[in-house]
Amino acid sequence: MAGVNAANVGGHGTSRSRATPGPSGAPLRILDAVPGQELDRSRPDDRRWCAEAIRRVEADANRSADTHLHIFPLPGDWHIELYLKDESTHPTGSLKHRLARSLFLYALASGWVHENTTVVEASSGSTAVSEAYFAKLLGLPFVAVMPRSTSREKVELIERQGGRCHFVERGPDVYDAAQRLAEGCDGHYMDQFTYAERATDWRGNNNIAESIFDQLGHEPHPVPSWIVVGAGTGGTSATIGRYVRYRRHPTRLAVVDPEGSAFFPGWQAGAVDYTTGLASRIEGIGRPRVEASFVPTVVDRMIQVPDAASIAAMRLARQATGRWVGGSTGTNLWGALQIVAQMRAAGEQGSVVTLICDGGERYGRTYEDDAWVAVEGLELAPHLEAIGAFLAGSGWYGP
Ligand SMILES: Cc1ncc(COP(=O)(O)O)c(C=O)c1O
């Protein structure tokens, strides 16, 4: 086998030497290609390991059931149905199970992850919980880089899977810290914020959108008027938005966004580089910058939701359905109920779908705790009254 040189690394050797700028701007000598040279980088052991890793991830999916689509109780004479796609029932308890599976498959199929590669991720917690699970399944070391404010419950879930947690003081510092950590250990920075939108097959393959449409098949309004989701990476909204266009459905996509997040003002201003630099109080959604995986062109509408309204709606969801849901589900529900109210006021019939992103047991020390709510200065009462009155049949008189 010929030795490695600049010509055969790039595979674009020419018959004459030429100078091209290198990464530092200095000329890089491309050596003469000698006929008969070749470079073979096959690694049969690595391919065998990769094949086994993909089998394990696929087998995990094969052992898992699809998530339920529950009915949220609305008065029957409204002729509007509201559905909750319950992503909390995945093996790792959140919609991030789908993303983590996709990201691992994407990284494996791209040749980025090998036996013993340390996988590093920047996360607000839920993705790290799910990635820790897949890393353990593959026998890989895993490091989660998260804001120090991440709920203790999520930290425990990551550590229980054998993952290590590395904390930063400020939310926006997670990206650089994760990149540096991965470089420092020759690991792989998974980078959900960049790759979420492309790691999932938006055409189908039982992605979340296809699953929702299949499950609505026998419902009174099987093609929903609206699907309402939050954005963390933006990957879920990108998948759903692309899917409905591809399948030529008239369904519109609404993205709900918490206080401090860059998605809403960035979308409003048409600025993909918009930043607020602020951490979101609603874990999992709302970012200090518009993330690369957020695809603004597939979003039909955005709704800013006050944090107190998210937490009020989260608590109300438990009363109305008996299900203990997380804060971002409250954000979703608040947006979905507003849309239902507008449909009702306009005399429209149809269906609306939103997501249970994760369960409330992760937030017992925060959103579920009245003392924490008081310390944060959040006033839930006016929002609880508004939703209660709406569900009892009055109009939407939100504060
Ligand atoms: C807990 C949690 N994580 C993440 C997300 C956002 O998903 P994505 O990263 O696909 O935008 C949500 C969305 O509502 C969520 O509730």
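Just so it is clear, none of the values below were taken in a lab; they were calculated from the coordinates. This is a predicted model, so every value here is computed, not measured. With ideal geometry, Cβ positions are generated from the backbone for all residues, glycine too; neighbour counts draw on all protein chains shown.
Key figures for this structure:
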{"read-out": "Computed [θ] at 222 nm, deg cm²/dmol, the chain (DSSP H ≥ 4; -39,500 (n - 2.57); rounded to nearest 500)", "value": "-12000 deg cm²/dmol"}
{"read-out": "Nearby lysines by direct alpha-carbon distance to residue 85 (threshold 19 angstrom, same-chain neighbours under 8 apart not counted)", "value": "96"}
{"read-out": "Crossing angle, helix 126-138 versus the chain [Cα axis fit, 0-90 degrees, rounded to tens]", "value": "50"}
{"read-out": "Angle between the chain longest axis and helix 96-109 axis [Cα atoms, degrees, rounded to 10]", "value": "10"}
{"read-out": "Theoretical gain in end-to-end length, residue 385 to residue 365 [0.36 nm per residue, Cα-Cα removed]", "value": "4.8 nm"}
{"read-out": "Degrees between helix 307-321 axis and first principal axis of the chain (Cα, 0 to 90, nearest 10)", "value": "70"}
{"read-out": "Loop-exposed trypsin sites (Lys or Arg not before Pro) per DSSP, neighbour cap 15 Cβ within 10 angstrom, longest uninterrupted part of the chain", "value": "249-364"}
{"read-out": "Separation of alpha-carbon centers, the range 153-195 and the range 216-243, rounded to whole Å", "value": "29"}
{"read-out": "Dimensions in Å of the chain - Rg and Dmax from alpha carbons", "value": "23.6, 81"}
{"read-out": "Under Karplus coefficients 6.51, -1.76 and 1.60, residue-wise ³J(HN,Hα) of the range 213-227 in Hz, glycine/proline x", "value": "5, 4, 6, 7, x, 9, 8, x, 10, x, 10, x, 5, 9, 10"}
